[in-house]
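The values are calculated or read from the model by the stated rules, or taken from the named source; none is laboratory data. Bear in mind that the values here come from a model prediction, so they are computed numbers and not experimental data. Virtual Cβ from ideal backbone geometry, glycine too; neighbours counted across all protein chains shown. Calculation scope for accessible area: heavy atoms of the full protein, side chains included, ligands and nucleic acids excluded. Shrake-Rupley method; radii C 1.70, N 1.55, O 1.52, S 1.80 Å.
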Amino acid sequence: FDSKSIYTIHSWTFNEPHPGWQQSFRKKLSRLICRFYDLIIIPSDNDRMAALEYGIAPKDKLKLIPTGIDPGDGPPLDRDEARTKLLTPEARDCIVIGTVAEFTKNKGLRFLLEAFASCRRTFRDRDPRRGAALHLILIGWGEEYAALRKKAEQLKIENDVTFVTNAVPASPYLAAFDMFVLPSLHEGLHYALLEAGLASLPVVATDVNGTADIIKHGKTGLLAPVANPAKLAAGMERLLANPEFARGLGRNLREHIIKNFSLSEMLSKTFAAY
């Protein structure tokens, strides 16, 4: 029979922060690979537009199917239980900023540590008690673990940062957060961001690839430039200073995800493609 091939990408590697010659090579390789497929499934509109812009594949070969999530997958733990499991008694009453990401350079967590240190200084200047009441949780694992802990020590925030490497799955612990921050240098469509949205968390995220499909600046969250801890901190401070605005963004994000990132719709579109 007439067989056909389908290729699903998570994100184009030429969008990652590589030297120019590597990006050029990756574009050429992507064009070559896509010639052998009849259909390319893409999870984000940013990657679809990139494919068209760089001539990776013709429009009729590209099919946008956003990553989906089940609305019933919200955090089953309540706030107190999640905080008891993650935090020391001294930190459980803090304003908690957190993220879920692999401890790799590509996730930009060193910039989140710098942004958090800046937030602490800002709020300590305004109110010494409030500055001390900020706490950061990093849930993940990876080769940058030791380097990130050292970075926290250099910034003198090690007592206000909790590294969690054994929270699997991580989504139940999002109930402990007051804010979710995604500082990635490159992303496809980050699933933990969908989980944070279902938890109605206010979000600050870097403006990379599929993230912009989820976070509409000022409506469903705040976007910041990549590798810019000052701008990342400014977004975090804006949410901290405006709790009602932050809660509204969280509510809007949840509605946006339920409406546009349905697991059942993703499955039906994928089955139809095959």
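Brief remarks follow.
- The chain - charge dipole about Cα centre, Lys and Arg +1 at Cβ, Asp and Glu -1, debye rounded to 20: 640
- Viscosity 0.890 mPa s, temperature 25 °C, Stokes-Einstein D of the range 39-86 from Kirkwood C-alpha radius, µm²/s: 180
- Per-peptide average of other Cβ atoms within 10 Å, ordering 134-146, 253-265 highest first: 134-146, 253-265
- On a per residue basis, the chain carries 49 Å² of accessible surface, using protein heavy atoms and a 1.4 Å probe.
- Percentage relative contact order, the chain, counting C-alpha pairs under 8 Å, at least six apart: 21
- Karplus-derived 3J(HN,Hα) values for the range 59-73, using 6.51 cos²θ - 1.76 cosθ + 1.60 with θ = phi - 60°, are 4, 6, 8, 9, 10, 7, 10, x, 4, x, 9, 7, x, x, 8 Hz; glycine and proline are entered as x.
- Intensity falloff of the range 29-130 expressed as log10 I(q)/I(0), Debye formula with alpha-carbon point scatterers, at q = 0.17, 0.23, 0.25 Å⁻¹: -0.96, -1.21, -1.25
- Over the chain: helical MRE at 222 nm, DSSP H runs n ≥ 4 each giving -39500 (n - 2.57), nearest 500: -13000 deg cm²/dmol
- Normalised convex hull volume, the chain, alpha-carbon set, Å³ per residue: 138
- Taking LEU87, LEU32, LEU185 as the candidate residues, the one with maximal mean-square fluctuation in a Gaussian network model of the chain, Cα springs under 10 Å, is LEU32.
- Accessible surface of the range 45-92, 1.4 Å probe, proportion on carbon and sulfur as whole %: 48
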